[in-house]
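Below is one structure, written out as structure tokens, with a few remarks after it.
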Amino acid sequence: MSDDDASGPYGPPDGRFPYGPSADGFLEEAPTPGLAGERTDLAWNRSGLALLACGIAVAKGLKFPIEEPAHVVIGVTILVLGVFTWFMGQWEARKRRRNGHDREVASFSDLAPVAYGTAAVGAAAFVLALFFPG
Amino acid sequence: MSVADEQHPGTAPGAEGPQPPATEPEEYEPDPRFSYANERTFLAWMRTALGLITAGLAITQLLPPFDMPGGRRLIGLPLIAMGTIIAVVSLRNWMANERAMRRGLPLPRSPLPRITAVVVTIVAVIGVILVIVEGKGS
């Protein structure tokens with residue numbers, strides 16, 4: 001993704017910044033992220049926790065009427081995805097703190113495993129719910 | 001590209017005369033607050049997807065069966081499918097938003113909120129009908 005690792009100078013070349021409150025929609029100075037980075041860290045934490053809770057619920061709660069413990073396999077997979085998501089959040093938070101500024105943002109390769117992992121869990125859940133209703 | 005070729009929001013495209021055919025649009029770092037908001041929106045969609053998948057699994061696996069055969073799957077499977085679709089589409093939305101911000105373009109519109117609302121509404125209506133029918137039967 002060349003779009004995501006553009007490392008040019010911050011802001012447009014005329015030295016101003018888009019989407020500001022001035023009349024033409026530009027800021028004269030660089031905006032400071034403030035607490036936006038911290039909110040994003042917390043959103044990563046929530047997402048990881050949601051996956052962990054879902055994984056435990058699937059592994060311990062659901063009873064599929066099939067011999068092999070498929071629900072345990074799916075639950076543990078979701079748990080692994082949750083741990084991965086939590087650590088990915090820590091990685092993003094570390095990027096944010098690096099170099100003494102708050103301007104590092106996530107890349108496609110950071111988010112894609114979380115999205116495709118959740119989609120894979122959904123696909124497995126669909127197959128199980130379709131063919132093995134409890 | 002020279003500075004005169006730059007396109008910013010608020011300047012009319014082609015105002016300085018015909019543009020050379022650009023192979024790659026000029027990009028710059030957007031306000032990081034907006035990138036973070038985009039990232040949080042993606043994560044919120046992921047939690048929504050996970051909630052839909054979990055709800056669909058609980059409906060099909062834990063709920064006592066309806067009298068109508070396949071009643072639980074009728075309301076559970078659309079939720080699981082919706083969650084799976086959201087997981088993939090929200091990643092594409094995040095990418096499209098990020099690209100639009102980097103190029104100073106308007107944010108693209110996404111059909112995902114509307115589709116989610118319609119699917120959840122339909123499932124809720126079917127659920128209400130199932131509960132009413134089952135209540136009469138017992």
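The values are calculated or read from the model by the stated rules, or taken from the named source; none is laboratory data. As the structure is a prediction and not an experimental result, all values here were calculated from the model. Quick reminder, even Gly has a Cβ in these numbers, built from the backbone with ideal geometry, and neighbours come from all protein chains shown.
From the list B:131, B:125, the one residue that fits, being modelled with pLDDT of 95 or more and exposed (fewer than 15 other Cβ atoms within 10 Å of the Cβ), is B:125.
Selection of the stretch B:59-72 for residues being part of a helix (DSSP H, G or I) and surrounded by fewer than 18 Cβ atoms within 10 Å (Cβ to Cβ) yields only B:62.
Go through the stretch A:103-131 residue by residue and tally those that are out of contact with any Lys or Arg (no Cβ under 7 Å at 6 or more places or on another chain), facing chain B (nearest Cβ under 7 Å) and of a type in the set (A, V, I, L, M, F, W, C). Summing the residues that are out of contact with any Lys or Arg (no Cβ under 7 Å at 6 or more places or on another chain), facing chain B (nearest Cβ under 7 Å) and of a type in the set (A, V, I, L, M, F, W, C) in the stretch A:103-131 gives 12.
Just name the residue that is farthest from residue B:119 (Cα to Cα) out of those in the stretch B:39-51 that are more than 8 Å from chain A (Cβ to nearest Cβ) and surrounded by fewer than 23 Cβ atoms within 10 Å (Cβ to Cβ).
Filtering the stretch B:39-51 for residues more than 8 Å from chain A (Cβ to nearest Cβ) gives B:41, B:45, B:48.
Next, from what is left, pick out any that are surrounded by fewer than 23 Cβ atoms within 10 Å (Cβ to Cβ): B:41, B:48.
Numbers: B:41: 20, B:48: 13 Å.
Result: B:41.
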